[in-house]
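Reviewing the structure listed below.
The values are calculated or read from the model by the stated rules, or taken from the named source; none is laboratory data. Quick caveat, the model's predicted, so the values are computed rather than measured. Because the Cβ atoms are built from the backbone with ideal geometry, glycine has one as well, and the counts that use them run over all protein chains shown. SASA here: full protein model, heavy atoms, side chains in, ligands and nucleic acids out. Shrake-Rupley method; radii C 1.70, N 1.55, O 1.52, S 1.80 Å.
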Amino acid sequence: MNQKDYLAGSFPIGVKYAQHRDMQEPCWDMDFENMKNCGIDALRVHAFWAPIEPQEGVFDFGQYDRITEKAGAYGIKIMFTLYLMASPEWIFQKHPDSRFQSAAGTVWNSNQNGDNAHGGWPGLCFDSQPFRQTVEHFVGTFVEHYKGNPNVLAIDIWHEPTDEAATHGPENDWKEVMFCYCPHSIAGFKEWLKKKYGTLEEVNRVWTRHYNSWEELEPPRNMGTYTDWLDWKNYRLDAVTDSVRWLGQIVKKYDPDRATSVHTGILEMGHPITHADDHFRLADTTDMFACSLYESKKAELGGLTADLMRSACDNGPYWIGETGTGSGPIFNFLGADPEDFHCFSRALEPEEIFRLTWSHIARGAKGIFFWAWRPDRSTIEQLSLGFTERDGGLTDRTEALTAFTGVFRQYRERLAHVYAPESDVCILYNMDSMIIEGIVSVAKTASGFVNFKENAYKDMISFVGCYQLCMKNGIQPDFISKERTEQGGLAKYKVLILPYSVSITSELAKAIEDFVKNGGTVISDAMLGFFTDDGWGSEVCPPGGLDRVFGLSTSGSYDLIRTCEIDLGQKRYEKVGRYVSERIRVQEGAQVEASFPSGRPAIVTNRFGEGKTVYVGTLFFAAALKEGLSYTNELFGELLALAEYEGDKRIENIAPEEVVEVRRLLDEKNEFVFVINQTENTVRPRIRVQVSGNGPVTEILTGRTEKPVTEKELLWEGELKPMETAVFLIEKQ
């Protein structure tokens, strides 16, 4: 069994524990006994570099050894997270030229940060090869120390990888959260450009610059053109990915049998200009890929994050590396309105923890680590809650955890080996589009941070709106990267959805054209390919020959709107547009299916080869999130009908704004069907699901035996309370 299969098969249910001054060694017996009784079988323990090697070459593993031994006595395994950004102070003196430098020129020295009370934050830049040699000595020593220890589950090599100093908090000057501009990063960028372009002359041509030597070239520090920023940000994504891969290789060098993991940051809070991680690039850097996922109020945000992880892992196993139990009231800013509360500023109700955990499992997660068992007491994150009170006393959250694990443990082995069926719908996840939108966002707001509710961060708004429509209609979408698309990855899908896809290169356009020519269907909203190769503006939109594929081109004239209506047949759909209303030139053979109130085309379909395209001349998917499903869902159904797509699920008898989600996981012997009420209302949905099993049906959360499957279709109608879940097991015969 390889390490990935081993980690997936173990299916850990864990918690973060033993942070800084919160080690609380006298409490271990009580805590571990309570954890064991609640079904916890793994701990994520931060292994801070600073206290382990406070002087170069002098190591102290004492407390980490004791917690590993003590937890093991209770049947609980340890996953160590290497906290290399808690660097010892001597590091900054040993490698002064490896300190993080911002675009504004600020050089970072030792500080403290959110979940790091040891100082030494943000560490140094991994682009520095001399610094890497020092890191290898520490990591190698750490890994060899625990080599062969059966109580260690895995080494989590990086806590939310990115250019670490970029995470230090909002700044008035966006340049202060733009990293890294140290000499090693700049030298690395030049080598990256040499590999991409070959010659300085080609860089000059693409960038429209006039460098005489590579020594003159500098990464961008001001907003001027898209081209150099696209290169710079893609280099930073590659640099962080290379660092993660290198760290994983170091662990394997010193202990080939030790399993590795990495977990990425919080998708819904990131900004593509300041953060430097790409799920698709990182997915294969370690044995197990994981993410932080804290969103609890907006099911579509948490669901998108998990399905993005599943997609990046080719529908294979992944972990939820961090998920929350809630936070204390001080995390609210004074005067904040309750409707603006983020998941970090409120306690999660027990039923939310129960629902969210099953939602993660329904999307293929094979391990879940909560933050945390006890509330932190030593940093800004002391405001976060845990399963217990500060004194370790049990709460209604631990009751919910026990209720979950009581069922989960009965089915752990089966759930560890079932996976989602192959998707037939995919959504393009194009980092170039996100980077360009990030540049626009920074230029407009002068901020490197995203306020999801208010900021015109149109790519993520469109992604989430599109995903929410899929949830509403029982569609399990995959996400597909630009690179996988260009490599022929569309071949296994029926439908490709393009929400706010403003960047379409020639290679990407060719892949989409081939997909449609061979029988695929594409649904796109407005501004398709506004940018093309090298971040230059497209002469024809959509570019790369896609005007022929879609049977249309868009005019340089357009209307800026807050919202708009679309007339389709005898019905007017209100509030189904957002931001822009395009003026579409329709080519011969294409069909105008709907119009704006002005009479101009709003929805155009076209046959191309064996396939079909559907184009909406406004940012329809952004409207789905901004205006709500009650306005946009019915029109989405019309778009699916125009695309001639019919899914395998029918979810009926729920209100327009309500979302009841249906997901499936299966293998050769078992099939699980999850019905999740993602609303705050009691509902009585009527569910029809095409399944592969034909044996007896059990609702595992209640133990009730349901009606058996008939003709490969599961029919169910019942009551679900707010945020309640039903999980059906169909045993195949």
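What tally of residues in the stretch 278-312 results from selecting those that are part of a loop (DSSP other than H, G, I, E, B) and either of a type in the set (D, E, K, R) or open to solvent by less than 20 Å² (accessible area, probe 1.4 Å) (or both)?
11
Of the residues ARG409, ARG414, ARG377, ARG390, which single one is touching a His at 6+ places or on another chain (Cβ under 9 Å), surrounded by fewer than 19 Cβ atoms within 10 Å (Cβ to Cβ) and touching a residue at least 12 places away in the same chain (Cβ under 8 Å)? Before the answer, list the steps.
Details: ARG409 fails: touching a His at 6+ places or on another chain (Cβ under 9 Å); ARG414 fails: touching a His at 6+ places or on another chain (Cβ under 9 Å); ARG390 fails: touching a His at 6+ places or on another chain (Cβ under 9 Å).
Testing whether each residue is touching a His at 6+ places or on another chain (Cβ under 9 Å), surrounded by fewer than 19 Cβ atoms within 10 Å (Cβ to Cβ) and touching a residue at least 12 places away in the same chain (Cβ under 8 Å) leaves just ARG377.
Checking ASP567 against (1) farther than 30 Å from ALA655 by Cα; (2) open to solvent by 10 Å² or more (accessible area, probe 1.4 Å); (3) in contact with a strand residue (DSSP E or B) (Cβ under 7 Å, 6 or more places away or on another chain), which single condition isn't satisfied?
Of everything listed in (1) farther than 30 Å from ALA655 by Cα; (2) open to solvent by 10 Å² or more (accessible area, probe 1.4 Å); (3) in contact with a strand residue (DSSP E or B) (Cβ under 7 Å, 6 or more places away or on another chain), ASP567 misses just condition (1).
What is the one condition in (1) open to solvent by less than 20 Å² (accessible area, probe 1.4 Å); (2) more than 20 Å from ALA306 (Cβ to Cβ) that LYS482 does not satisfy?
(1)
Can we say THR227 is surrounded by 17 or more Cβ atoms within 10 Å (Cβ to Cβ), touching a helix residue (DSSP H, G or I) at 6+ places or on another chain (Cβ under 9 Å) and in a helix (DSSP H, G or I)?
So THR227 fits the description; yes.
Please work out which residue is most open to solvent (accessible area, probe 1.4 Å), limiting yourself to the stretch 584-601 and to residues that are closer than 19 Å to GLU644 by Cα and out of contact with any Pro (no Cβ under 6 Å at 6 or more places or on another chain).
In this case the residue turns out to be GLN591.
Would you mind telling me which numbered condition in (1) closer than 15 Å to LEU153 by Cβ; (2) among the polar types (S, T, N, Q); (3) at pLDDT 95 or above ASN37 fails?
(1) is the only condition that ASN37 fails.
If a residue must be open to solvent by 10 Å² or more (accessible area, probe 1.4 Å) and either not hydroxyl-bearing (Ser, Thr, Tyr) or not in a loop (DSSP other than H, G, I, E, B) (or both), how many such residues does the stretch 62-83 contain?
11
Could you list, in sequence order, all residues of the stretch 610-631 that are closer than 24 Å to GLY519 by Cβ and of a type in the set (S, T, N, Q)?
Once the filter is applied, which keeps residues that are closer than 24 Å to GLY519 by Cβ and of a type in the set (S, T, N, Q), the stretch 610-631 yields only THR613.
Quick one: how many residues across the stretch 406-434 are in a loop (DSSP other than H, G, I, E, B), touching a Gly at 6+ places or on another chain (Cβ under 9 Å) and of a type outside the set (Val, Ile, Thr)?
Of the residues in that region, 4 qualify.
Need pairs with beta-carbon distance below 7 Å; first residue free of Cβ contacts under 8 Å to residues at least 40 places away in the same chain and closer than 28 Å to PRO220 by Cα and within the stretch 79-104, second assigned to a strand (DSSP E or B) and open to solvent by less than 10 Å² (accessible area, probe 1.4 Å); sequence gap 6+ or separate chains.
Once the first residue is free of Cβ contacts under 8 Å to residues at least 40 places away in the same chain and closer than 28 Å to PRO220 by Cα and sits in the stretch 79-104, its partners that are assigned to a strand (DSSP E or B) and open to solvent by less than 10 Å² (accessible area, probe 1.4 Å) give HIS95/LEU124.
Those residues that are out of contact with any Leu (no Cβ under 8 Å at 6 or more places or on another chain) and part of a helix (DSSP H, G or I), I need them from the stretch 515-555; list them, please.
Those that are out of contact with any Leu (no Cβ under 8 Å at 6 or more places or on another chain) and part of a helix (DSSP H, G or I): VAL516, LYS517, ASP533, ASP547, ARG548, VAL549.
Pick from ASP559, ASP648: which is open to solvent by 40 Å² or more (accessible area, probe 1.4 Å) and without any contact (Cβ under 8 Å) to a residue 40 or more places away in the chain?
Details: ASP648 fails: without any contact (Cβ under 8 Å) to a residue 40 or more places away in the chain.
After applying the criteria, what remains is ASP559.
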